[in-house]
Structure formats: C-alpha cells, structure tokens
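Have a look at the structure below, then the notes.
The values are calculated or read from the model by the stated rules, or taken from the named source; none is laboratory data. All figures in this text were calculated on a predicted structure; none of them were measured in a lab. Heads up, the Cβs are rebuilt from the backbone with ideal geometry, glycines too, and the neighbour counts pull from every protein chain shown. Accessible surface is based on the protein model in full, side chains and every heavy atom, while ligands, DNA and RNA are left aside. Shrake-Rupley method; radii C 1.70, N 1.55, O 1.52, S 1.80 Å.
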Amino acid sequence: MHALLKWIAGTLLLLFLLLTGPAIMAMSEQVALGGSWRTADRSSTGLAPDPALTPEAVVQVYGARAFNWRGAFAAHTWIAVKPAGADGYTLHQVTRWRGLSTGPGVADAHWFGNRPHVLAELRGAEAERAIERIGTLLPEYPWPHLYRVWPGPNSNTFTAWITRRVPELRARLPTIAVGKDYLDSRMVDVAPSGTGVQFSVQGLLGILIAPEEGLEVNVLGLVMGIDPQAPGIKLPGIGQVRFGRSAESPGTAAASDR
C-alpha cells in the first residue's frame, strides 16, 4: 500500500511539472484562446527576404505557436523555399486538414494570429543544394496523409524529418514542437538539427543530446532540457527561457537570434 501511494504521488508530481508550463501559457497574453481561424491574422510579418530584391536562393524554416488552446502546449513548423530568380516562395508543410502539401504561399505569414520565428536559414549556393535535396526527399516522407496532434506524426514530425536529412540547416526546432521526436518504429536517430543523437519511444519518452539543441528529455511528448549555448532551460509549454531573460513565443528565443 505504501509503495502504491508513493507511485501515485510521484505520478501526480510528474503531471504537475509537465502541465504547469502549459497552464501558465494558457493564462498569459502569449496564447490567444477562443477566436475563429477564419478571421485570424494570416498576414506577412516581413521576416522573409523580398523575392524582388533577393535574386539568390533562400531556404527558411519557421515556427509559431499553434492556434487556440493548442498554443499553450505546442508550435507549428514549416519550410519555405525560393530558388534563385524565383518571384515567390513555395511552402512545404503538414496540416491536419490537408496532410503533406507543397505550393506557393506567404513564407512568413502569421500562423492564425501567432507571429512566427525563423528557426534556420540558408542562402545562395548552399540554399540551392538544399532546395534540390528537399525536393528529392518530399516523396519519401513516410506519413504524407497521416496527422496526429499527439504524439505524432504531425507538422513538426515532417519538419524534423526533413531537417535531419538536410543537416546544413542546423535547424533548432522549438522545444514545444510536439511531434518532432516521433520516430515511429525506430528508436534511435540523429537529432532534428543533424548535430547530435536522440533516443525516442514513439515520441512519448526519450532523450536528445546535441551541440545545437543541448540536452532534452521528452516525457509524454513534452520536453524539458538545458541549453548550454544560450545559456538557459527548456520547459514544457513555456519553451526556452534564457537566464536573465523571459521566454519568447514560440519557445524559440535562441534560434530566432541566429
């Protein structure tokens, strides 16, 4: 009986630690609860280089907090590419309503009211090579028509799957990109940044160690960790908190400064 009570107490403590961050975000101004996706802001934020003024190739990885209550827990990520000389961007992403989609779009648009952050960027010849590589990889993505909010595969699973295979991006995906650690039947793979290694059981339990991401521990799809580069800590829901600075939505403070 005593062992059972200890197990229950430990489980409740763990759940408290995992859910405190999302609860704080839900009560903050950084997460807009309610509202309609039909009227939410989808305008450009000016983060993407203007194609008319930027003839060179560009690849950018973006992340923004998810819409409505999901934003207290998670972010949505996507990839925007512009070949040399192109007059617009092509977006690669996975959504619940369309699955894997590729087509023209506003690279740096608000994600239904939430401002995106640039997580990685390449330009010039390096971007051209990456664009060609991404085009080759798209048909190989294992779950083009499958979307599960938790634990994956979802939008973040797709972005991480691509960035693992384009390591020159060195993309540091947000701590709150739930689904980025989903590996399906595999249990070991390179980190999403391509700079380290991770162990994951169906995206529900795992650990990641990499020079780019630092140390991350995944419990039930929610991530805690330490970033020695910033330096700072990573918390579920809140994202990255730099020592001496507050967290920045969507948990991408260090990456957005690159």
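From the list Leu119, Leu100, exactly one residue is assigned to a strand (DSSP E or B) and either among the charged types (D, E, K, R) or open to solvent by less than 30 Å² (accessible area, probe 1.4 Å) (or both). Which is it? So that I can check it myself, show each step before the final result.
Numbers: Leu100 fails: either among the charged types (D, E, K, R) or open to solvent by less than 30 Å² (accessible area, probe 1.4 Å) (or both).
Residue meeting the stated conditions: Leu119.
Taking the criterion of being touching a helix residue (DSSP H, G or I) at 6+ places or on another chain (Cβ under 6 Å) and not hydroxyl-bearing (Ser, Thr, Tyr), the residues of region 174-214 that qualify are Ala177, Gly179, Lys180, Val190, Pro192, Gly194.
Check region 73-85 and report whether any residue there is crowded, with 21+ Cβ neighbours inside 10 Å and outside any strand (DSSP E or B). For region 73-85, residues crowded, with 21+ Cβ neighbours inside 10 Å and outside any strand (DSSP E or B): present. For region 24-45, the tally of residues that are open to solvent by less than 60 Å² (accessible area, probe 1.4 Å) and at pLDDT 95 or above stands at 2.
Among the candidates Ala107, Ala66, single out the residue that is in contact with a His (Cβ under 6 Å, 6 or more places away or on another chain) and crowded, with 22+ Cβ neighbours inside 10 Å.
Among Ala107, Ala66, only Ala66 is in contact with a His (Cβ under 6 Å, 6 or more places away or on another chain) and crowded, with 22+ Cβ neighbours inside 10 Å.
Summed over region 191-209, the residues that are crowded, with 17+ Cβ neighbours inside 10 Å and without any contact (Cβ under 8 Å) to a residue 40 or more places away in the chain give a count of 9.
Matching residues to (1) open to solvent by 10 Å² or more (accessible area, probe 1.4 Å); (2) outside any helix (DSSP H, G or I); (3) more than 23 Å from Val81 (Cβ to Cβ):
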residue	(1), (2), (3)
Ile131	yes, no, no
Leu137	no, no, no
Pro151	yes, yes, yes
Ala160	no, no, no
Ala171	no, yes, no
Ile176	no, yes, yes
Lys180	no, yes, no
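Go through region 210-223 and give me each residue that's open to solvent by 60 Å² or more (accessible area, probe 1.4 Å) and under 17 Å from the mean Cα position of the chain (by Cα). Leu215, Leu220, listed by residue number.
In the set (1) touching a residue at least 24 places away in the same chain (Cβ under 8 Å); (2) farther than 13 Å from His76 by Cβ, Phe158 fails one condition alone, (2). Within region 58-73, residues that are farther than 15 Å from Gly239 by Cα have Cβ atoms under 6 Å from residues that are crowded, with 24+ Cβ neighbours inside 10 Å and not aliphatic (A, V, I, L, M) in these pairs: Val58/Lys82; Tyr62/Trp78; Tyr62/Pro116, counting only partners at least 6 apart in sequence or on another chain.
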